[in-house]
1. Filter region 112-129 down to the residues that are open to solvent by 40 Å² or more (accessible area, probe 1.4 Å) and either part of a loop (DSSP other than H, G, I, E, B) or modelled with pLDDT of 90 or more (or both), then identify the one that is farthest from Ser37 (Cα to Cα).
2. Name the residue, out of Pro98, Pro75, that is open to solvent by 30 Å² or more (accessible area, probe 1.4 Å), closer than 27 Å to Ile38 by Cβ and not basic (Lys, Arg).
3. If you take the residues of region 19-31 that are part of a loop (DSSP other than H, G, I, E, B) and open to solvent by less than 70 Å² (accessible area, probe 1.4 Å), which of them is nearest to Ile122 (Cα to Cα)?
4. Criterion first (part of a strand (DSSP E or B), open to solvent by 30 Å² or more (accessible area, probe 1.4 Å) and not β-branched (Val, Ile, Thr)) does Ser56 satisfy it?
5. Report every pair of residues separated by at least 6 positions or lying on different chains whose Cβ atoms are under 7 Å apart, first residue within region 80-106 and basic (Lys, Arg), second open to solvent by less than 50 Å² (accessible area, probe 1.4 Å) and in a helix (DSSP H, G or I).
Amino acid sequence: MKAVKSSKTLKFDLADNQDVFLEITVSSTGTCSTLVSIPGVKEFDYEKREKIGSFSDLKGKTIEINHEFSFEGIPKKNLDNAIQQTQITYSLLNVIGPLQPFKKKTSKDLDSEDRISSVKFITIEHITL
């Protein structure tokens with residue numbers, strides 16, 4: 001399956017014990033499943049706003065967020081528009097997005113099952129103000 005990848009580094013000045021929450025908003029005509037992986041912390045299927053750990057757990061870690069979209073059943077004449085209008089917004093103490101990972105993609109970029117993947121890597125670092 002073709003995957004569109006992007007990355008972002010976020011720097012925060014937080015106390016080590018401060019909880020960090022992840023919230024993802026997906027707007028798409030297709031169906032989406034999301035897997036979140038944080039090396040050495042946890043891996044989970046994302047469904048709602050979720051505490052992903054304390055700042056000390058996440059410093060220096062890269063969060064991998066893998067979205068798998070299926071556009072099966074969408075009429076071919078509407079397919080390119082449906083793909084390109086998909087939007088994803090990430091909230092992790094601050095907001096990233098909305099992003100349109102498939103803005104320049106078409107139905108030719110889908111696999112044989114009308115699927116495409118978007119992968120976002122978010123690295124968390126400490127910054128001293």
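1. Leu129
2. Going through Pro98, Pro75 in turn, just one is open to solvent by 30 Å² or more (accessible area, probe 1.4 Å), closer than 27 Å to Ile38 by Cβ and not basic (Lys, Arg): Pro98.
3. Among them, the one singled out is Ser28.
4. No: the conditions fail for Ser56.
5. Close Cβ pairs satisfying both conditions: Lys105/Ile83.
The values are calculated or read from the model by the stated rules, or taken from the named source; none is laboratory data. Just so we're clear, the structure is a prediction, and the values are computed from it rather than from any experiment. Neighbour counts are summed over all protein chains in view; Cβ atoms, including those assigned to glycine, are modelled from backbone coordinates with ideal geometry. Calculation scope for accessible area: heavy atoms of the full protein, side chains included, ligands and nucleic acids excluded. Shrake-Rupley method; radii C 1.70, N 1.55, O 1.52, S 1.80 Å.
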